[in-house]
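Below: one structure, written as structure tokens.
The values are calculated or read from the model by the stated rules, or taken from the named source; none is laboratory data. All figures in this text were calculated on a predicted structure; none of them were measured in a lab. Ideal geometry is used to build each Cβ from the backbone, glycine not excepted, and the neighbour counts take in all protein chains shown.
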Amino acid sequence: MSAEPPESDAAAPAAPRRGLMRRLYDWVLMLSRRPTAERALGVLAFAESMIFPIPPDVMLIPMCVAQPRKALRFATICSVMSILGGIGGYLLGMYFWEALGPWFYEHVHGFTPERFARIGGWFEQWNFWIVFAAGFSPIPYKIFTIAAGVFQITFPMFVLASAVSRSARFFLVALLIRRFGPAAQEMIEKRFNLFALLFVVLLLAGFWVVTKI
């Protein structure tokens, strides 16, 4: 009696394919371990303020854990380049949105005509505070930098709100890791977005109360 032929590899179930966002996340983590990590961090922070979907915190956190003495240096790079990227997004929105808008809606995660229309109303009501909220919280910052240019928000106010919020976010991460070491990494990765969102909600609620007094 002949033996049964072995099962072919084709019969084995295919491994699930990782999504684009997860592959980008893993790629950014890999960049954080390279000798050129500082340069890559600056490029990522700049690009994320205009088009890239992965926040620079993904690189900033492991770099600060690996070299806590350089944590403030890394936060400075992240802040400066993110602010410059935000200015680039503002100029893109002001001068090139009519030509590039349809491409962004189709290819860049987070951009929709409906969302842009809502943001326009938020800018009219909140101005500085909506830019601050987008810069500090998990809200996609790039949408607001470009929208600020599209709706022609006052440029000095935009730069000030971006500088305060972006610096506060990245220096908070760096200082937490410098103070608590690697133990802070898990807490930041799991809870930072929640803490940041709660902070912004409380801040905006307080501002709303002040305007009603």
Out of all the residues in the range 105-127, which are among the aromatic types (Phe, Trp, Tyr), within 9 Å of ILE143 (Cβ to Cβ) and either in contact (Cβ under 8 Å) with a residue 60 or more places away in the chain or assigned to a helix (DSSP H, G or I) (or both)? PHE116
Determine if the range 70-78 includes at least one residue that is polar (S, T, N, Q), within 24 Å of ALA161 (Cα to Cα), within 19 Å of the chain's Cα centre (by Cα) and not in a helix (DSSP H, G or I). no
List the residue pairs whose Cβ atoms are under 6 Å apart, where the first residue sits in the range 129-150 and is over 18 Å from LEU84 (Cβ atoms) and of a type in the set (A, V, I, L, M), the second is at pLDDT 90 or above and buried (at least 20 other Cβ atoms within 10 Å of the Cβ), and the two are 6 or more positions apart or on different chains. VAL150/GLY93
Please go through the range 131-153 and pick out each residue that is of a type in the set (Phe, Trp, Tyr) and in contact with a Gly (Cβ under 6 Å, 6 or more places away or on another chain). TYR141, PHE151
Report, by residue number, each residue of the range 128-163 that is under 17 Å from the mean Cα position of the chain (by Cα), among the hydrophobic types (A, V, I, L, M, F, W, C) and outside any helix (DSSP H, G or I). ILE139
Among the listed residues ALA163, ALA133, ALA184, identify the single one that is modelled with pLDDT of 90 or more, touching a helix residue (DSSP H, G or I) at 6+ places or on another chain (Cβ under 7 Å) and small (Gly, Ala, Ser). ALA163
